[in-house]
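The structure appears below as structure tokens.
The values are calculated or read from the model by the stated rules, or taken from the named source; none is laboratory data. No experiment lies behind these values; they were computed from the predicted model shown. Backbone-built Cβ (ideal geometry, glycine too); neighbour counts: all protein chains shown.
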Amino acid sequence: MNKGRNTPNEETRFPTPRERGTDFEVPYARSNIEKCMCSQCPVQADSKCAQDKLQSSKKAMGAMPGVEVPNPEDVPGIYCSTGKATCQDLNSERQCICNSCEVWKEYDLGEGMPSQYFCKNGKAT
Ligand code: SF4
């Protein structure tokens, strides 16, 4: 008898981040910062503020051991976790590329509000 063998086991299946509850948050973690595509995004490609922060935060992370992370305001990205950009010279008329990002896919960010342009609209919920 292998009744139930192929049915999902709700007790042991690991819930997706969004299934875990209402206090959903993308973790501000080094692994997510490293996956973030914002450094290649057209929206901030011509932002001097974001490009300067990109250079300095890359350098800072290179010098940091293990899982340490810079202050969120010094990282021009992972806005889905930290909220709106502090740089004021982003161009939101350009195409957001969040939907090409592994973090976006992993946390089902297309299902939330906002679902893109986190740099302008605030963090994912
Ligand atoms: S979903 Fe967008 S803001 Fe979030 S980590 Fe990916 S590229 Fe960055």
For region 70-83, enumerate the residues that are away from the ligand (no atom under 13 Å from the Cβ) and in contact (Cβ under 8 Å) with a residue 40 or more places away in the chain.
none
Residue by residue through region 37-66, note down the ones that are among the polar types (S, T, N, Q), touching an Asp or Glu at 6+ places or on another chain (Cβ under 9 Å) and within 16 Å of the ligand (Cβ to nearest atom).
Gln44, Ser47, Ser57
Would you confirm whether any residue within region 63-84 is over 29 Å from Asp23 (Cβ atoms) and part of a helix (DSSP H, G or I)?
yes
Among (1) loosely packed, with under 10 Cβ neighbours inside 10 Å; (2) of a type in the set (Asp, Glu); (3) modelled with pLDDT of 60 or more, where does Glu11 come up short?
(3)
